[in-house]
Structure formats: C-alpha cells, structure tokens
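Worksheet for the structure shown next.
The values are calculated or read from the model by the stated rules, or taken from the named source; none is laboratory data. These figures come from a predicted structure and were not determined experimentally. Cβ sites come from the backbone with ideal geometry, for glycine too, and all protein chains shown count toward neighbours.
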Amino acid sequence: MKKVMLVGAVGAGKTSLIHALNNNESQADKTSSIYFHDGAIDTPGEYAQIPRFYSALLVTAVESEMVIVVQDATQSRAVLPPGFAGMFTRPVIGVVTKTDLPSANRDKAVACLREAGVKQPVFFVSALTGEGLKELADYLAEGGCKGE
C-alpha cells in the first residue's frame, strides 16, 4: 500500500477511514495534530479549512506518495476552496465517506471534490458498513496506478 496523507474538513471521517482500512475497530478520536498511522498520515480538519495551516500540509505531503482528499457525503456545501488539491505535488484521489447515511448525497460530494481540484479516481466508502473499502484498499495495494 502506498503511504497516503488524508486531508479534508473537520468530521469528514479521515480517522475512521484509516481505522477501517487497517481493520482497527477502536473508536476514532478528534485528531488535533498530524498523526502517522501504519501507512497513513492523518491530518486535522482545521489544517484543510484554515489557510495559515496549508504550509503544514504541504510539508507533510512530502512524506507521502499520494494525497487522499476526503469529502463527507452528508456535507451540504463545499468546505475546501476551489483548486485546493492543486497545491500538492503528489497524486491526489478523492474519497467520499459516510455513504451509508440517509442524508448522503454522492453527486454533491463529487461536485465538491471536483471544485476542490480532485480529478480521478473517486471512491465511495462507509467505514461503518465497509462499502467501498475493498476497492480503495485494492487500489492502494496496487500502488494507485489505475487511471493515472
């Protein structure tokens, strides 16, 4: 699996996604600083939402092979600024989380990712039900070369 850095808004499900990919059933806590998990770098949502923290994301991205921009499918508005993903020098993919919830809107989530500059691929996952986790894990295990 490629070493990945996850970025996204507060509450987008970045830590839960990392736990689900690593088959870790522990409760996800609020990420208050950059945290290195097995094969993944978890970043606080504030780092993606507050421009003065962008430099921390850029420096940390150097430690990764790929950036995953995480979008909550229940979020009704874009949280990341237009073109956000373009600041990274690593390949960027999108992951839409919380797809199992009744208020999930996949089309809106993809539109938010596209506005933020994420191209292809985009994966739809639920850390709770396991939907899409195998596809994402397989993609990462293969080195993330599909469609790049």
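Residues of segment 78-119 being more than 23 Å from SER64 (Cβ to Cβ) and touching a Lys or Arg at 6+ places or on another chain (Cβ under 8 Å), which ones?
THR99, ALA104
Kindly provide the set of residues from segment 24-63 that are part of a loop (DSSP other than H, G, I, E, B), buried (at least 16 other Cβ atoms within 10 Å of the Cβ) and either among the aliphatic types (A, V, I, L, M) or at pLDDT 95 or above (or both), ordered by number.
ALA28, ILE34
Tally up the residues in segment 59-80 that are within 15 Å of the chain's Cα centre (by Cα) and more than 22 Å from GLU142 (Cβ to Cβ), please.
9
Residue by residue through segment 5-17, note down the ones that are closer than 15 Å to VAL118 by Cα and hydrophobic (A, V, I, L, M, F, W, C).
Across segment 5-17, the qualifying residues are MET5, LEU6, VAL7, ALA9.
In segment 52-66, what residues are without any contact (Cβ under 8 Å) to a residue 40 or more places away in the chain and more than 13 Å from GLY8 (Cα to Cα)?
Scanning segment 52-66 gives ARG52, SER55, ALA56, LEU58, VAL59, VAL62.
Regarding segment 96-110, can at least one residue be identified that is surrounded by fewer than 18 Cβ atoms within 10 Å (Cβ to Cβ), under 13 Å from LEU6 (Cβ atoms) and over 14 Å from the mean Cα position of the chain (by Cα)?
No, segment 96-110 contains no residue that is surrounded by fewer than 18 Cβ atoms within 10 Å (Cβ to Cβ), under 13 Å from LEU6 (Cβ atoms) and over 14 Å from the mean Cα position of the chain (by Cα).
When segment 66-80 is examined, which residues are found to be at pLDDT 95 or above and out of contact with any strand residue (DSSP E or B) (no Cβ under 6 Å at 6 or more places or on another chain)?
If the condition is that a residue be at pLDDT 95 or above and out of contact with any strand residue (DSSP E or B) (no Cβ under 6 Å at 6 or more places or on another chain), then THR74 is the only one that fits.
What are the pairs, 6+ residues apart or on separate chains, where a residue within segment 101-112 that is in a loop (DSSP other than H, G, I, E, B) has its Cβ under 9 Å from a residue that is surrounded by fewer than 17 Cβ atoms within 10 Å (Cβ to Cβ) and among the hydroxyl-bearing types (Ser, Thr, Tyr)?
Close Cβ pairs satisfying both conditions: SER103/SER76; ASN105/SER76.
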